[in-house]
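*Asks:* The structure follows.
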Amino acid sequence: MNNKLLIKYGDLYLKGKNKKHFINSLNKNIKNALSDFQIKLNTGFDKCVIKFENKNDKDKMINILKYIPGISFIIPCKIIERDFEILKKDILNDLNDKGTFKIETNRKDKNYDLDSYSLNKELGKWIIENKKDYIVDVHNPDFIINVEINKNDFIYYTNKVKGISGLPIGLNGRALVLLSGGIDSPVAGYLLQRKGISVDYITFITPPHTSEESLNKVKSLVKKITLDGKINNSSLYIINFTKIMNEISHIKLESYKIILMRRAFFRIASKLSKIIHSDFLATGDSLGQVASQTIESMNCTSSSISEPIVFRPLITFSKDEIISIAKFIGTYEISILPYEDSCSMFVPKNPITKPKIEKVIELEKELDYLDALIEVAIKEVIRI
């Protein structure tokens, strides 16, 4: 195969008259992600072709492209002039592995002389006549030879790498994700990215109770989700929560501590979202997974703010489903490192699972300095 990658679009086929705008956004994202490589990008209506200079860059680029939202398949391919004799000889020369095969033709130019069935038949006959170790198997072949008939050329390939589909980042607004060092919230951020959303992150630290390793863990998670900024130029906002946590520790009902803590998280994130122009907040909440993720607890937490809206991408996911995605995107091994975040360190022994909003408001009235401390925390935010 020569130095070309065929990129098949993901959910862009749904976009009708807006498709050109979506394609332009995806192409921009691809160029940004592959800025370290020498490439040329040629765009079509349902695909684009990346031509690269160094054949040793192919696998590196594929490993980036397969995580870019908006891409359905990444295909190492060969593009040749539209001459059937040249096609036959090229495919024959490129076949290496012995085994059974099948030919699938996509006749995009309906004016071409041979229909798909005839081309499959003629090409298959040519291969088995010249390669005695090859056998046609249309039901369960070892590999498939794909041929696209375009107006000006043939494209053929035998292998394709699945992308994550979705929509290009930057098309569906901006989110601020409350990020802990756990398994769930990084997956929530990834799922939002896949829907074309630009994602920033906010995390809370409680020095000296949380270590530098704990913060580095969160930084590593953001780098992993964004491929070190190649597919999403995210910011991480760090909030020192120590004084607020000390204030919350004064309440008389310890079982409510986690609810008050999360309400403070939301109030800080809400205020920050207005400053950085985020369209909504998001969390890694999964219904019923822990005490703070019951319906009652989430209602109490969300009621602490009037805007923006709060998304919970994982609300119906099982833990196994979340872990599976975390392993796929490479965050799982980071998330299970033994460095505790501010949430886990201050969870009471018996957290309440069905808090009453009236009681929450009553308890917050006991915290004379909470509002002032929240304002100070926002002013002292650190942005990475």
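The values are calculated or read from the model by the stated rules, or taken from the named source; none is laboratory data. Please read these numbers as outputs of a predicted model, since none were measured by experiment. Cβ sites come from the backbone with ideal geometry, for glycine too, and all protein chains shown count toward neighbours.
*Asks:* Evaluate the following for Phe45: is it surrounded by 15 or more Cβ atoms within 10 Å (Cβ to Cβ) and either hydrophobic (A, V, I, L, M, F, W, C) or not in a helix (DSSP H, G or I) (or both)?
*Replies:* No, not satisfied.
*Asks:* In this structure, is Ile239 within 25 Å of the chain's Cα centre (by Cα), in a strand (DSSP E or B) and either outside the structural domain of Asp320 (by TED's automatic domain parsing) or among the aliphatic types (A, V, I, L, M) (or both)? Steps first, answer last, please.
*Replies:* Numbers: within 25 Å of the chain's Cα centre (by Cα): yes; in a strand (DSSP E or B): yes; either outside the structural domain of Asp320 (by TED's automatic domain parsing) or among the aliphatic types (A, V, I, L, M) (or both): yes.
Considered against the rule, which asks whether it is within 25 Å of the chain's Cα centre (by Cα), in a strand (DSSP E or B) and either outside the structural domain of Asp320 (by TED's automatic domain parsing) or among the aliphatic types (A, V, I, L, M) (or both), Ile239 comes out as yes.
*Asks:* Would you confirm, using the coordinates I've provided, whether Asn120 is within 15 Å of Phe84 (Cβ to Cβ), surrounded by fewer than 14 Cβ atoms within 10 Å (Cβ to Cβ) and assigned by TED's automatic domain parsing to the domain that holds Lys51?
*Replies:* In short, no.
So that you can scan it fast, the table gives a plain yes or no per residue for (1) under 30 Å from Glu333 (Cα atoms); (2) touching a strand residue (DSSP E or B) at 6+ places or on another chain (Cβ under 9 Å); (3) not assigned by TED's automatic domain parsing to the domain that holds Lys356:
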{"position": "Lys230", "(1), (2), (3)": "yes, no, no"}
{"position": "Lys252", "(1), (2), (3)": "no, no, no"}
{"position": "Ser255", "(1), (2), (3)": "no, no, no"}
{"position": "Arg262", "(1), (2), (3)": "yes, yes, no"}
{"position": "Ile275", "(1), (2), (3)": "no, no, no"}
{"position": "Ser278", "(1), (2), (3)": "yes, yes, no"}
{"position": "Thr283", "(1), (2), (3)": "yes, yes, no"}
{"position": "Cys300", "(1), (2), (3)": "no, no, no"}
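*Asks:* Taking the residues in segment 189-198 that are in contact with a strand residue (DSSP E or B) (Cβ under 7 Å, 6 or more places away or on another chain) and in contact (Cβ under 8 Å) with a residue 40 or more places away in the chain as candidates, determine which candidate is surrounded by the most Cβ atoms within 10 Å (Cβ to Cβ).
*Replies:* Gly189
*Asks:* Only one of these is within 39 Å of the chain's Cα centre (by Cα) and over 25 Å from Lys51 (Cβ atoms): Asn130, Asn106, Asn140, Asn150. Name it.
*Replies:* Asn140
*Asks:* Here is a follow-up. Here are Ile30, Ile86, Ile80, Ile91: which of them is of a type in the set (A, V, I, L, M, F, W, C), surrounded by fewer than 19 Cβ atoms within 10 Å (Cβ to Cβ), assigned by TED's automatic domain parsing to the domain that holds Ile144 and in a helix (DSSP H, G or I)? So that I can check it myself, show each step before the final result.
*Replies:* Values: Ile30 fails: surrounded by fewer than 19 Cβ atoms within 10 Å (Cβ to Cβ); Ile80 fails: in a helix (DSSP H, G or I); Ile91 fails: surrounded by fewer than 19 Cβ atoms within 10 Å (Cβ to Cβ).
The unique qualifying residue is Ile86.
*Asks:* Got at least one residue in segment 162-182 being among the basic types (Lys, Arg), closer than 22 Å to Leu5 by Cβ and assigned to a helix (DSSP H, G or I)?
*Replies:* no
*Asks:* So is Asp59 of a type in the set (D, E, K, R), part of a loop (DSSP other than H, G, I, E, B) and either touching a Pro at 6+ places or on another chain (Cβ under 6 Å) or loosely packed, with under 14 Cβ neighbours inside 10 Å (or both) or not? Lay out the reasoning, then the answer.
*Replies:* Working: of a type in the set (D, E, K, R): yes; part of a loop (DSSP other than H, G, I, E, B): no; either touching a Pro at 6+ places or on another chain (Cβ under 6 Å) or loosely packed, with under 14 Cβ neighbours inside 10 Å (or both): yes.
Taking the combined requirement at face value, the residue does not satisfy it.
*Asks:* Let me confirm something: among Phe154, Phe143, which residue is crowded, with 20+ Cβ neighbours inside 10 Å and not assigned by TED's automatic domain parsing to the domain that holds Ser273?
*Replies:* Within the list Phe154, Phe143, the selection yields Phe154.
*Asks:* Taking segment 355-384 on its own, how many of its residues are part of a helix (DSSP H, G or I) and charged (D, E, K, R)?
*Replies:* Number of matching residues: 7.
*Asks:* Let me ask something else. If you go through segment 278-293 one residue at a time, how many are out of contact with any Asp or Glu (no Cβ under 7 Å at 6 or more places or on another chain), assigned to a loop (DSSP other than H, G, I, E, B) and under 22 Å from Ser234 (Cβ atoms)?
*Replies:* Residues meeting the conditions: 3.
*Asks:* Another question, then. Go through Glu104, Glu148 for me and flag whichever is surrounded by fewer than 17 Cβ atoms within 10 Å (Cβ to Cβ) and charged (D, E, K, R). Break it down stepwise before answering.
*Replies:* Values: Glu148 fails: surrounded by fewer than 17 Cβ atoms within 10 Å (Cβ to Cβ).
Result: Glu104 is the single residue among Glu104, Glu148 that is surrounded by fewer than 17 Cβ atoms within 10 Å (Cβ to Cβ) and charged (D, E, K, R).
*Asks:* May I pose another question? What's the number of the condition Asp341 fails, among (1) buried (at least 20 other Cβ atoms within 10 Å of the Cβ); (2) modelled with pLDDT of 95 or more?
*Replies:* Failed condition: (2).
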